[in-house]
Amino acid sequence: PTIEAFIRKIGVTYPALLDENSAIARSYGVVGLPTTFFIDRNGIVKRAFYGDISKKPEDFRQWVRELK
């Protein structure tokens, strides 16, 4: 299966990219998966969360509010 088929199957509706050589991951300092970045409207990374963010729903909501 292709990456495109996989992201359709799991219902991804946001832009996704394939980082074949891990160049983008290295540039953002990704050390493990999953990693969630909170990026403001100016494209500035304001926070990174390493691990399963679904276990921190209130933190997630707060960090999104801080971006507004």
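Under the simplified labelling scheme, the Asn42-Thr2 pair shows an inter-label distance of 3.9 nm, with each label point 7 Å from Cα along Cα→Cβ.
The mean of 1/r over all pairs of different alpha-carbon atoms in the chain, once inverted, gives a Kirkwood hydrodynamic radius of 13.8 Å. Assuming charge only on the beta carbon of Lys and Arg (+1) and of Asp and Glu (-1), the dipole of the chain about its Cα centre is about 260 debye to the nearest 20.
Each Cα pair under 8 Å and six or more residues apart adds its sequence gap; the mean of these over the residue count of the chain is a relative contact order of 22 percent.
Our coupling estimate for segment 4-18, obtained by passing each phi through the Karplus curve with A = 6.51, B = -1.76, C = 1.60 and θ = phi - 60°, is 4, 5, 5, 5, 5, 4, 8, x, 5, 10, 9, x, 9, 9, 9 Hz, Gly and Pro reported as x.
For the pair Ser54 and Ser22 in one chain, pulling the backbone fully straight at 0.36 nm per residue adds 9.1 nm over the alpha carbon distance. Atom-type composition of the exposed protein surface of the chain places 56 percent of the accessible area on carbon and sulfur (1.4 angstrom probe).
Cross-link partners for Lys46 among the lysines, with Cα-Cα distance under 22 Å and sequence neighbours closer than 8 places in the same chain left out: Lys55, Lys56, Lys68. Relative to the longest principal axis of the Cα atoms of the chain, the long axis of helix 57-67 lies at roughly 80 degrees.
The values are calculated or read from the model by the stated rules, or taken from the named source; none is laboratory data. Remember, predicted model here, so these are calculated numbers, not experimental data. When we count neighbours, we look across all protein chains shown, and the Cβ atoms used for this are built from the backbone with ideal geometry, even at glycine. Side chains are part of the model used for accessible areas, which takes the heavy atoms of the whole protein and leaves out ligands, DNA and RNA. Shrake-Rupley method; radii C 1.70, N 1.55, O 1.52, S 1.80 Å.
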